[in-house]
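Nothing in this text is a laboratory measurement; each read-out follows from the coordinates by a stated rule. All of these numbers come straight from a predicted model, not from anything done at the bench. When we count neighbours, we look across all protein chains shown, and the Cβ atoms used for this are built from the backbone with ideal geometry, even at glycine.
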Amino acid sequence: MKQKESPDPSFYNGGRKTHWAVVAFAMIGSCMSGVTFVSVPGMVGTSGFGYLQMCLGFFLGYLVIAFVLTPLYFKLNVVSIYQYLENRFGMASYKTGAWFFFISKMLGASVRLFLVCLTLQLLVFGPLGLPFWLNVVCNVAVCLALTFRHGVKSVIGVDVVRTACMIVAVALSIFFIGKDLGGIQIHERVFFFDDVNHPQYFWKQLLGGLFTVIAMTGLDQDMMQRTLACKDYRDSQKNLVVSSLLQTVVIAGFLCLGSLLYQFAAAHGISETGDSLFPAVATGGLLPAIVGVFFIVGLLISAYGAGGSALTSLTTSFTVDILNKASEVKVRKTVHLAMAALMAVTIVVFNALNSTSAIDAVYKLASYTYGPILGLFAFGILTKKQVKDKYVPVVALLAPAICLVLQLNSERWFGGYKFSYELLLLNAALTFLGLCLLIRRNK
């Protein structure tokens, strides 16, 4: 399927002129949102270094993306990765993949930016007597301004800055905390092989990491737009392999910081744990001010980078996949503005609901949407069969519904078993099996 050249190539793929090393460095930050920035150190208190098990799966997943998916995308010369589904199955499958991505990304990105808006409302807008909706408009406007003209090219630039801020913030924190404690001593558990029912069980984490990366990076328009900005698939492969190795090192740094943060908190009588620990230490005045500055800057840039990246990918997917207007710059700009407005409205609705459970539900919903996409791509790549395309949306809706029922009843039905990240794999497997039932039989 040969794509007609867009008159606006820099927005969708940076003109495919970005050096692979720049993309590799940028992807470290792009894979770590502001939520990750505070959550990974905080999880050490309950999970030790068990997250590294998942990182091993991440690396394997990046190899699959690099050597299976990336050559396929470049061969088809796609603007949106979901165009593969149209080429392989038909229009219904194509729209299914695009809509599942659209819903997931809009909700997920809105929640992340909503959390930043809440913080800024407490620190800035609230004390000045300014309403929450103005806070939202200002923050969404920043994300829009970052990407409106140059799209993915601007996204990569912001990702480079946020990666640098993250690394500096972690390095400074480790240095000053280690100095305060009189040295760095870390004794945390990494591997969990003893209890198959436990969410931290090694093979659950490994497989979860493998398929999570394939689904949420390799099959996510937001993430793959960066990789498609390289000049060819070989450069993209270099980017993905190097980036995955660097990400593992950075995540290990976050975990080491988490261990030190808990030691530091115990020594100084700090009661915060989990997601509140790193912010409390970084901005509590016990470390040099430069640590707090880089923490706040890194957190804000992470939020704006993730928001701008989401707007770019949503604009791309809606313009290319749903409207089929990739060649019309005016339509793309209109869609970009509409995506920003929809994101702002979604954030305001979250605030009106004023419920943490609503946010949790959004994250869970977003995680369910990647299973059908993974199943569709897996079936398309691993088999040569054609399916009854018009029934694909039914399968894509039934698979996550079955997964939800199983997850809610797993402890009662399966002897205390708790689903973890492997639920994504089950979701994809059910989609795959459903597609097998839709195979066209040749007479």
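Taking θ as phi - 60° and the Karplus parameters 6.51, -1.76 and 1.60, the scalar couplings of the stretch 108-121 work out to x, 5, 5, 5, 4, 6, 4, 5, 5, 4, 4, 4, 5, 5 Hz in sequence order, x denoting glycine and proline. Diagonalising the gyration tensor over the Cα atoms of the chain and scaling each eigenvalue by 5 before taking the square root yields semi-axes of 35, 27, 21 Å, largest first.
For helix 356-382, what angle does its Cα long axis make with the longest principal axis of the chain, in degrees from 0 to 90 and rounded to 10? Taking Cα atoms only, the helix is inclined about 40 degrees.
Using θ = phi - 60° in the Karplus curve 6.51 cos²θ - 1.76 cosθ + 1.60, the 3J(HN,Hα) couplings for the stretch 41-47 round to x, x, 6, 4, x, 10, 10 Hz; x is entered for Gly and Pro.
Can you pick out the pairs among 17/75; 204/384; 75/384; 105/418; 238/325; 75/385 whose Cα atoms lie more than 22 Å from each other? Exceeds cut-off: 204/384; 105/418; 238/325. Close amide H contacts of residue 48 (hydrogens built in the peptide plane, cut-off under 5 Å, sequence separation of 5 or more or a different chain): none are found.
Run the dipole for the stretch 16-356 about the Cα centre, Lys and Arg Cβ at +1, Asp and Glu Cβ at -1, nothing else charged, and hand back the magnitude in debye, nearest 20.
On the way: 21 positive and 14 negative charges, 245 e Å.
So the dipole magnitude of the stretch 16-356 works out to roughly 1180 debye.
So for the chain, averaging the separation of alpha carbon pairs under 8 Å that are six or more residues apart and normalising by length, what relative contact order in percent results?
Details: 662 pairs, mean separation 144.1, N = 443.
It rounds to 33 percent for the chain.
Computed from phi, the 3J(HN,Hα) profile of the stretch 336-346 under the Karplus parametrisation 6.51, -1.76, 1.60 (θ = phi - 60°) reads 4, 5, 5, 5, 5, 5, 5, 5, 4, 4, 4 Hz, with x in place of Gly and Pro.
Taking other residues whose beta carbon is less than 15 angstrom from the beta carbon of residue 92, and scoring Lys, Arg as +1 and Asp, Glu as -1, yields +2. Remark on residue 387: its backbone amide H falls under 5 Å from those of 440, a criterion applied only to residues 5 or more positions apart or on other chains, H modelled at 1.01 Å from N.
Just to confirm my numbers, what's the Cα centroid distance between the stretch 132-163 and the stretch 170-233 in Å? Measuring centre to centre over Cα atoms gives 25 Å.
Ordering 230, 403 by the number of other Cβ atoms within 10 Å of each residue's own Cβ, fewest first, gives 403, 230. Between 122, 277, 72, the GNM of the chain built on Cα springs shorter than 10 angstrom shows 122 fluctuating the most. Report the Cα centroid-to-centroid distance between the stretch 367-443 and the stretch 241-275 in angstrom, as an integer. Value for the Cα centre distance between the two parts: 35 Å.
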